[in-house]
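Down below is the structure, laid out as structure tokens.
Values quoted throughout were computed directly from the atomic coordinates according to the rules given, and no laboratory measurement underlies them. Because the structure is predicted, anything quoted here is derived from the model rather than measured. Cβ coordinates were reconstructed from backbone atoms using ideal geometry, including for glycine residues, and neighbour counts include every protein chain displayed.
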Amino acid sequence: MGFLSGLMNGFQGSRTRNKHTARLQEHCRELGWESSVLDNGSLVLQFEHKGMGEKTLLIVPGDSLTLFIADSGICMVPERVPEQTLAYLLWSNAKRLFGHWGVDEGQDGNAVFQLRYCTQTSGLDVPMLKTVCEAMLEEAFDFDSKLRATGGYFS
């Protein structure tokens with residue numbers, strides 16, 4: 001089995017996904033965080049930030065890997081995404097200790113900016129969950145704040 005197929009199997013067809021989902025829900029309860037579960041076993045967490053609104057964090061547990069996704073609260077028509085925004089995201093990725101920014105297509109066809117991080121499921125304890133979620137949320141709120149302030153034209 002190659003590296004890529006092994007990586008993908010970490011998310012697909014998980015027989016133990018319910019166990020991992022239940023464990024992550026328990027971790028969230030220990031942290032005082034509410035979570036909901038999607039049909040595929042992913043967890044959805046909602047966080048509020050003063051002045052910036054609500055941010056959603058998606059956690060996709062698998063047998064060997066767990067994926068975290070924090071969406072920016074800002075969507076743009078793909079053809080109108082300023083080059084400075086894309087350059088900022090690439091530079092941000094170069095400086096980042098973990099996770100990376102990417103651009104995905106939203107349901108409405110607009111560009112959605114996403115911060116993603118993948119880690120081993122087995123090592124995901126309460127302190128690690130707290131650290132990952134808080135760091136991702138801080139970065140996502142910071143990006144949204146900068147994007148709103150500059151209109152996407154980072155200097």
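Rounded to whole numbers, the Karplus 3J(HN,Hα) couplings from phi for the stretch 62-79 are x, 4, 10, 10, 10, 9, 10, 9, 10, 7, 5, x, 10, 10, 9, 5, x, 5 Hz, using 6.51 cos²θ - 1.76 cosθ + 1.60 with θ = phi - 60°, and x at Gly and Pro.
Relative to the current alpha-carbon distance between residue 94 and residue 64, full extension at 0.36 nm per residue lengthens the span by 8.2 nm.
Annotation: amide H of residue 99 within the under-5 Å range of 118, sequence separation 5 or more or interchain, hydrogens built in the peptide plane. A run of the chain free of exposed loop cleavage sites, with trypsin sites (Lys or Arg not before Pro) counted only in DSSP states other than H, G, I, E and B and at most 11 other beta carbons within 10 Å, reaches its longest extent at 51-155. The structure-derived value of volume of the Cα convex hull per residue in Å³ appears in the list (i) 146; (ii) 133; (iii) 107 under the label (ii). To make sure I understand the rule: partners must be lysines, Cα under 21 Å from the Cα of residue 146, and not fewer than 8 residues away in the same chain. Which ones qualify? Answer for residue 146, where 21 Å is the Cα cut-off: 50, 55, 95, listed by chain and number. When each of 147, 67, 38 is scored by the number of other beta-carbon atoms lying within 10 Å, the sequence from fewest to most is 38, 67, 147. Only helices enter this figure: runs of n ≥ 4 DSSP H residues, each worth -39500 (n - 2.57), summed and divided by the residues of the chain, yield -12500 deg cm²/dmol at 222 nm to the nearest 500.
Scanning the chain for long hydrophobic helices, with DSSP H runs required to stretch 27 angstrom or more by C-alpha along their axis and to average at least 0.0 on the Kyte-Doolittle scale, returns 126-150. Taking amide H as placed 1.01 Å from N in the peptide plane, the amide H of residue 65 sits under 5 Å from that of 121, each at least 5 places away or on another chain.
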